[in-house]
Amino acid sequence: MSFLKRLYYFLFGTTIGIIILMFVLDKKESTFNYGLDKRVLNDIYKKEWLFETEYDSIIKDKKFFFKKYDVNFSKSNVKLDTCKVYVIETEIKNTKVVYQVENCKNTANFKRID
């Protein structure tokens, strides 16, 4: 069997396998959090959220939070022992929204930064 035939069969099988995996994993709502940014957001996502005021609860929708926010590690303080402090940011309607999140053992405390 020539190299081109083997390459064709390999690519065909890989494509079929990826399509099947996409359907199976889409129903399970699984995520692949390989980056540090997504792992931190996923950890915050799983905890109980506490806000300073009701006005600050702009991110009550957790799906939106996980997809749209990014962690700014240069402004974060991750060397604390008790609750690590992360700065997360996004842009909503051309307005930059920044939160300081205290990521404790069971809760995530959100504080809006202007």
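Read-outs: derived from the displayed coordinates by stated rules, not from any lab. Values in this document were obtained by computation on a predicted structure and should not be read as measured data. Don't worry about glycine lacking a Cβ; one is built from the backbone with ideal geometry, like all the others, and counts go over all protein chains shown.
Here are a few things to note about the model shown:
- Label-to-label distance, nm, for residues given as Leu4 and Trp49 (7 Å Cα→Cβ offset): 5.5
- Answer label for log10 I(q)/I(0) by the Debye sum over Cα atoms at q = 0.09, 0.22, 0.24 Å⁻¹ (calculated), chosen among (i) -0.32, -1.07, -1.22; (ii) -0.27, -1.17, -1.28; (iii) -0.38, -1.24, -1.40: (iii)
- Over 24 Å between alpha carbons, listed pairs Lys47/Lys84; Lys27/Lys105; Lys38/Lys75: Lys27/Lys105
- Rounded to the nearest Hz, the phi-derived 3J(HN,Hα) couplings of the stretch 70-83 under the Karplus curve 6.51 cos²θ - 1.76 cosθ + 1.60 (θ = phi - 60°) are 10, 9, 9, 6, 5, 9, 7, 10, 9, 8, 6, 7, 7, 10, where x marks glycine and proline.
- Couplings 3J(HN,Hα) for the stretch 12-18, derived from phi with the Karplus relation 6.51 cos²θ - 1.76 cosθ + 1.60 (θ = phi - 60°), are 5, x, 5, 5, 4, x, 5 Hz, where x marks Gly and Pro.
- Under-5 Å amide H pairs with Glu52, H placed in peptide plane, nonlocal only: Phe110, Arg112
- Cut-off under 5 Å, modelled amide H: who pairs with Cys104 long-range: Asn109
- Sparse-neighbourhood loop sites, chymotrypsin sites (Phe, Trp or Tyr not before Pro) in the stretch 6-52 - DSSP loop, at most 11 other Cβ within 10 angstrom: Phe32, Tyr34
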